[in-house]
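Q: Sharing a structure, written as structure tokens. Questions coming.
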Amino acid sequence: MLELKALTKLYRGAPGVRNVSLQLSPGEILGYIGPNGSGKSTTIKMLTGLIDPTSGQILFRGQDVTKDFAGFKRRVGYIPEEPHLYTHLSGLEYLTLVGRLRGLEARLLARKADAFLSLLDLYESRFSAMTSYSKGMRQRILIAAALLADPEVIILDEPFSGLDVNAAMLFRRLLMELARGGRMVLFSSHVLEVVEKLCSQVVILYRGDVVAQDSIAGLRALLALPSLVEVFAQLTRQQDQDVRAREIVEVMAAR
Amino acid sequence: MKTWLEQTHTPVLELTRHFFLGLFRSESFAGEDSFSPLFVQILGLLIAASWYIPVQVFGRYVRINALPDGYLYHLAYSMDTLWMLLVMSILMGLVGVFQWPSLFPSQRDHLVLSPLPLTRAQIFGGKICALFLFFAMCIAAITLLSSIAFPMVSYGRWETRPYLLRAAALLVGTNSCVVFMVLAAIALQGVMLAVLPVRWFRATSFSIQIAILLLILCAAPVLPYFPTRELIEGRSHWLALLPPAWFWGLNEEILGASNDFIGGLALRAKVALPASFLLASTTYLISYFRYTRQAMESPSQQRRPVLAPAEWLSRVSPAPQARAVSSFLINTLLRGRRQKLIFFLIAGVGLALIIENSMYLVLSDIYRPRELPGAVRSAVLSLPLTLSFFTMVALRRVFRIPADLPANWVFRFLESRATRPAQLNAILATFLILGGLVPLAFSTPVECVVFGAKALVAIGLQAVFILTLGQYLMIDWRSIPFTFAESAPSRQLVHSLTLHLVELALYSFVGAAWIESAINKWIPLVALLVTVALILAFCTRRRTEEWGNEPFDFAETPAPLIESLRLFHS
């Protein structure tokens with residue numbers, strides 16, 4: 001089990017996230033949602049060691065991960081929000097780089113990289129520098145890189161960004177398959193319809209605070225709202241979007 | 001002016017402003033998102049370099065004008081004029097090399113600007129205007145001051161020609177010469193653009209940019225020995241092969257020289273200038289009509305690369321994590337344009353120094369024939385040391401230039417204490433192979449020819465020197481190259497240069513002299529081995545202290561630094 005206990009990050013005194021606590025069990029896909037700037041990426045960056053928490057704990061199987069963060073990260077596959085890649089490398093070179101950094105043996109790595117590239121329709125472009133890749137292709141490379149070393153925990157920050165319909169469908173099924181196989185999936189996204197279909201539990205974040213944490217059915221019942229979108233709008237105090245849309249059109253038409 | 005600059009103007013003017021400012025956003029030196037005010041720096045450097053020429057020759061003309069005969073005055077004036085043209089060509093060449101990627105509208109320009117309500121003519125018009133403005137400023141900075149000052153500084157009792165004529169002739173000569181250099185650069189790139197497929201163009205163009213840079217750097221040390229008196233007095237036909245000499249001929253012709261030799265050179269200048277203009281314009285026109293196809297043609301490679309040096313070289317490291325770092329390092333060095341350009345710039349200085357040494361040996365009369373073989377032996381022994389010094393210093397500098405900085409998350413994410421020492425060792429091994437072994441291999445044949453069997457001892461000692469220098473230069477290195485943001489330098493530039501000069505003197509010149517005596521006698525050999533072993537042990541110990549205990553240094557991605565030239569807003 002992966003557990004976050006009162007995780008807090010302060011940026012020059014201002015809170016990025018405050019007292020985030022959650023649990024992620026094997027076989028579970030946990031939706032982690034919130035409006036822009038609510039602290040989703042900050043939490044994920046703390047989980048992946050890209051930034052240090054100001055306070056709080058991350059426990060993996062009951063052990064504080066800070067004692068062996070590298071050991072924890074060996075069990076984690078991560079897909080970042082932005083497709084930051086070394087674009088001067090080819091897709092194959094990038095997967096080889098990641099595989100080696102994860103300590104995979106050469107022959108196994110070559111076999112896995114080839115297989116991932118074929119399955120994700122990247123095999124034809126495997127020798128091309130990633131500068132020529134589309135956003136979707138880069139996203140698929142990130143997916144392959146995250147899954148290369150068979151992680152137990154998969155952390156996804158907007159994983160569907162740039163994927164076409166087929167690739168998104170494949171990836172959705174893949175996530176369900178991974179969960180069925182006992183992996184823990186933390187899924188952060190703005191696409192609430194997908195979250196609703198995939199996740200058993202959701203955590204809703206607003207301005208750095210957890211404002212709801214329950215199963216989707218539980219939240220809908222609690223707030224007497226028909227969909228996750230409406231639950232989300234209510235909890236994150238979204239303004240009347242119709243009014244705002246009209247205001248934008250007015251500004252646009254100003255002479 | 002300020003109000004005018006703040007207003008929105010016609011598309012061509014706005015594009016001119018955009019392209020003009022882009023010429024100072026040097027991706028070779030600054031971060032990709034930073035906007036350095038290179039404008040002032042470039043012009044200041046060019047003016048200073050141009051002003052250096054008249055200042056340098058002032059004392060000499062005082063003495064020459066005091067001579068009882070005017071022949072030497074006129075000879076010196078001719079030689080200095082040609083020398084000025086050569087220096088100016090080199091300066092303009094350097095500017096051209098650094099602006100090489102900006103001479104034509106690029107694929108990025110097409111992708112960004114074409115969706116906007118702009119015509120292709122406007123994009124090309126803006127580009128041409130910006131280039132014209134930029135090069136006009138550079139040309140003025142290089143030529144004006146020295147062309148006006150030199151005839152004044154050299155004036156003396158043997159001068160009969162009016163000042164205005166001499167200044168006008170020099171202005172025509174120098175300006176035509178540097179304009180020719182710019183047009184020739186545009187024409188050269190334009191021809192490549194017109195002839196080569198896009199997938200070849202980028203690599204070829206970059207190789208030519210590097211080749212020109214090396215040519216300029218290697219030509220610079222020859223300048224103090226050129227032009228020789230014999231070349232001018234003997235009316236050498238070699239001068240006909242040198243474009244700046246054509247414009248020197250033009251200058252001489254305006255001053256009244258009338259002979260076939262000068263006439264021939266001047267004629268070349270008169271043909272070359274319009275021809276280069278015509279060729280540059282034609283290739284620009286071709287590029288204009290083929291722009292969309294050129295910009296959108298995919299340069300991607302679909303085949304497995306025939307040569308994969310990163311794969312081969314990374315095999316020196318057994319651990320996969322170390323091999324990852326090693327191959328990443330080599331691939332980035334091979335493909336990073338900024339990294340390669342800076343590397344060749346610094347390594348080129350080393351090459352220039354070696355050429356300067358060789359020229360000194362060949363041309364200087366300081367060595368008598370009996371002493372020359374000894375000097376050649378020293379020069380050959382210092383060859384791999386000098387070259388390795390510059391390549392290693394260049395590599396260390398280049399390692400600090402980040403590549404796709406936000407992508408370093410993959411190294412940060414997968415960093416571990418267990419693998420850190422192996423990764424740091426892989427960095428050092430790659431550093432030594434590229435910076436030390438390659439120069440040593442390059443100079444081995446020359447050493448074998450000069451020293452015969454003793455070359456083996458010399459090469460062995462040089463290898464130990466290279467290993468020691470490698471350990472010394474990487475003593476505090478605790479990062480994966482290309483993955484961290486450049487912090488402000490800890491030392492001033494002058495301080496760094498002085499330190500490097502001392503290091504170079506000790507390593508290359510003192511080292512070569514010591515090796516020379518060590519390959520002939522036992523006592524210096526033992527003393528050398530003991531000394532180097534002690535230094536090596538010290539450096540290795542210092543380098544591996546706390547080895548891998550501290551995490552790698554990954555500075556947070558810095559916020560883009562925007563420094564305005566105040567051409568947009570106050």
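Q: Scan region B:410-430 residue by residue and report those that are in a helix (DSSP H, G or I) and basic (Lys, Arg). It would help to see each step written out before you state the result.
A: The initial filter retains those residues of region B:410-430 that are in a helix (DSSP H, G or I), namely B:410-413, B:420-430.
Selection gives B:Arg412, B:Arg420.
Q: Would you say A:Val211 is touching a strand residue (DSSP E or B) at 6+ places or on another chain (Cβ under 6 Å), assigned by TED's automatic domain parsing to the domain that holds A:Leu10 and among the β-branched types (Val, Ile, Thr)? Spell out the reasoning first.
A: On the way: touching a strand residue (DSSP E or B) at 6+ places or on another chain (Cβ under 6 Å): yes; assigned by TED's automatic domain parsing to the domain that holds A:Leu10: yes; among the β-branched types (Val, Ile, Thr): yes.
The answer is yes for A:Val211.
Q: Same structure again: Mind checking whether some residue in region A:58-71 is within 20 Å of the chain's Cα centre (by Cα), assigned by TED's automatic domain parsing to the domain that holds A:Leu174 and over 26 Å from B:Ala422 (Cβ atoms)?
A: yes
Q: Filter region B:414-432 for residues that are within 11 Å of chain A (Cβ to nearest Cβ) and surrounded by fewer than 20 Cβ atoms within 10 Å (Cβ to Cβ) and give the result. Spell out how you get there, then give the answer.
A: Within region B:414-432, the first condition is being within 11 Å of chain A (Cβ to nearest Cβ), and the residues that meet it are B:414-420, B:422-423, B:426.
Result: B:Ser416, B:Arg417, B:Ala418, B:Ala422.
Q: Still on this structure, please answer the following. Determine whether B:Ser490 is at pLDDT below 90, more than 27 Å from the chain's Cα centre (by Cα) and either among the acidic types (Asp, Glu) or loosely packed, with under 11 Cβ neighbours inside 10 Å (or both).
A: On the way: at pLDDT below 90: yes; more than 27 Å from the chain's Cα centre (by Cα): no; either among the acidic types (Asp, Glu) or loosely packed, with under 11 Cβ neighbours inside 10 Å (or both): yes.
So B:Ser490 fails the test.
Q: Now for a different question. A:Thr43: over 19 Å from A:Phe187 (Cα atoms) and touching a residue at least 24 places away in the same chain (Cβ under 8 Å), yes or no? Let's see the steps before the verdict.
A: Numbers: over 19 Å from A:Phe187 (Cα atoms): no; touching a residue at least 24 places away in the same chain (Cβ under 8 Å): yes.
So A:Thr43 does not fit the description; no.
Q: Quick check on my filter: what residues within region B:311-321 are in a helix (DSSP H, G or I) and at the interface with chain A (Cβ under 8 Å from one of its Cβ atoms)? Spell out the reasoning first.
A: Just the residues of region B:311-321 that are in a helix (DSSP H, G or I), to begin with: B:311-316, B:320-321.
B:Pro320, B:Gln321, listed by residue number.
Q: Just to be sure, is B:Ala379 within 14 Å of chain A (Cβ to nearest Cβ) and at pLDDT below 90? Spell out the reasoning first.
A: Details: within 14 Å of chain A (Cβ to nearest Cβ): no; at pLDDT below 90: yes.
No, not satisfied.
Q: If you go through region A:196-241 one residue at a time, how many are without any contact (Cβ under 8 Å) to a residue 12 or more places away in the chain and within 21 Å of A:Ser41 (Cα to Cα)?
A: Adding up the residues that qualify gives 1.
Q: Kindly state which strands (runs of 3 or more DSSP E) lie completely within region A:29-79 and contain at least 2 residues that are over 25 Å from B:Asn408 (Cα atoms) and away from chain B (no Cβ under 13 Å).
A: Values: elements: A:29-33, A:55-60, A:76-79.
Qualifying strands (runs of 3 or more DSSP E): A:29-33, A:55-60.
Q: If you check A:Leu101 against the conditions, is it in contact (Cβ under 8 Å) with a residue 12 or more places away in the chain and within 10 Å of chain B (Cβ to nearest Cβ)? Please lay out each step first, then the result.
A: Values: in contact (Cβ under 8 Å) with a residue 12 or more places away in the chain: no; within 10 Å of chain B (Cβ to nearest Cβ): yes.
Considered against the rule, which asks whether it is in contact (Cβ under 8 Å) with a residue 12 or more places away in the chain and within 10 Å of chain B (Cβ to nearest Cβ), A:Leu101 comes out as no.
Q: Just need a number here: residues in region B:326-338 that are surrounded by 19 or more Cβ atoms within 10 Å (Cβ to Cβ), within 24 Å of B:Ala422 (Cα to Cα) and either more than 7 Å from chain A (Cβ to nearest Cβ) or of a type outside the set (A, V, I, L, M, F, W, C) (or both).
A: Final tally of qualifying residues: 7.
Q: Taking only region A:83-98 into account, find how many residues are under 23 Å from the mean Cα position of the chain (by Cα) and at the interface with chain B (Cβ under 7 Å from one of its Cβ atoms).
A: Residues that pass the stated criteria total 6.
Q: If you check B:Leu72, B:Leu111, B:Leu82, B:Leu91, which single one turns out to be over 25 Å from B:Ser147 (Cβ atoms) and either over 21 Å from the mean Cα position of the chain (by Cα) or in a helix (DSSP H, G or I) (or both)?
A: Values: B:Leu72 fails: over 25 Å from B:Ser147 (Cβ atoms); B:Leu82 fails: over 25 Å from B:Ser147 (Cβ atoms); B:Leu91 fails: over 25 Å from B:Ser147 (Cβ atoms).
Step by step, each of B:Leu72, B:Leu111, B:Leu82, B:Leu91 is checked, and only B:Leu111 is over 25 Å from B:Ser147 (Cβ atoms) and either over 21 Å from the mean Cα position of the chain (by Cα) or in a helix (DSSP H, G or I) (or both).
Q: Looking at region B:82-118, which of its residues are over 30 Å from B:Asn175 (Cβ atoms) and either without any contact (Cβ under 8 Å) to a residue 40 or more places away in the chain or not hydroxyl-bearing (Ser, Thr, Tyr) (or both)? Reasoning before the result, please.
A: First, pick out the residues of region B:82-118 that are over 30 Å from B:Asn175 (Cβ atoms): B:107-108, B:110-118.
Once the filter is applied, which keeps residues that are over 30 Å from B:Asn175 (Cβ atoms) and either without any contact (Cβ under 8 Å) to a residue 40 or more places away in the chain or not hydroxyl-bearing (Ser, Thr, Tyr) (or both), region B:82-118 yields B:Gln107, B:Arg108, B:His110, B:Leu111, B:Val112, B:Leu113, B:Pro115, B:Leu116, B:Pro117, B:Leu118.
Q: Only one residue in A:Ala167, A:Ala149, A:Ala115, A:Ala110 is more than 14 Å from the chain's Cα centre (by Cα), in a helix (DSSP H, G or I) and touching a residue at least 24 places away in the same chain (Cβ under 8 Å). Which one? Write out each step before concluding.
A: On the way: A:Ala149 fails: in a helix (DSSP H, G or I); A:Ala115 fails: touching a residue at least 24 places away in the same chain (Cβ under 8 Å); A:Ala110 fails: touching a residue at least 24 places away in the same chain (Cβ under 8 Å).
Going through A:Ala167, A:Ala149, A:Ala115, A:Ala110 in turn, the sole match is A:Ala167.
Q: At least 2 residues that are over 18 Å from A:Ser25 (Cβ atoms) in each: list the strands (runs of 3 or more DSSP E) lying fully within region A:173-252 that qualify.
A: Values: elements: A:184-188, A:201-206, A:209-215.
Counting at least 2 such residues, we get A:201-206, A:209-215.
Q: Out of (1) within 25 Å of A:Leu120 (Cβ to Cβ); (2) in contact with a Leu (Cβ under 6 Å, 6 or more places away or on another chain), what's the single condition that is false for A:Ala167?
A: A:Ala167 satisfies every listed condition except (2).
Q: Might you let me know whether region A:1-17 holds any residue that is surrounded by 15 or more Cβ atoms within 10 Å (Cβ to Cβ), touching a Ser or Thr at 6+ places or on another chain (Cβ under 7 Å) and among the hydroxyl-bearing types (Ser, Thr, Tyr)?
A: Within region A:1-17 (the criterion being surrounded by 15 or more Cβ atoms within 10 Å (Cβ to Cβ), touching a Ser or Thr at 6+ places or on another chain (Cβ under 7 Å) and among the hydroxyl-bearing types (Ser, Thr, Tyr)), the answer is yes, since at least one residue qualifies.
Q: Taking the condition facing chain B (nearest Cβ under 10 Å) and either outside any strand (DSSP E or B) or free of Cβ contacts under 8 Å to residues at least 12 places away in the same chain (or both), does A:Gly136 pass? Spell out how you get there, then give the answer.
A: Numbers: facing chain B (nearest Cβ under 10 Å): no; either outside any strand (DSSP E or B) or free of Cβ contacts under 8 Å to residues at least 12 places away in the same chain (or both): yes.
No, not satisfied.
The values are calculated or read from the model by the stated rules, or taken from the named source; none is laboratory data. Small disclaimer: the values here were computed from a predicted structure and weren't measured. Reconstructed Cβ throughout: ideal geometry from the backbone, glycine too, with neighbour counts over all protein chains shown.
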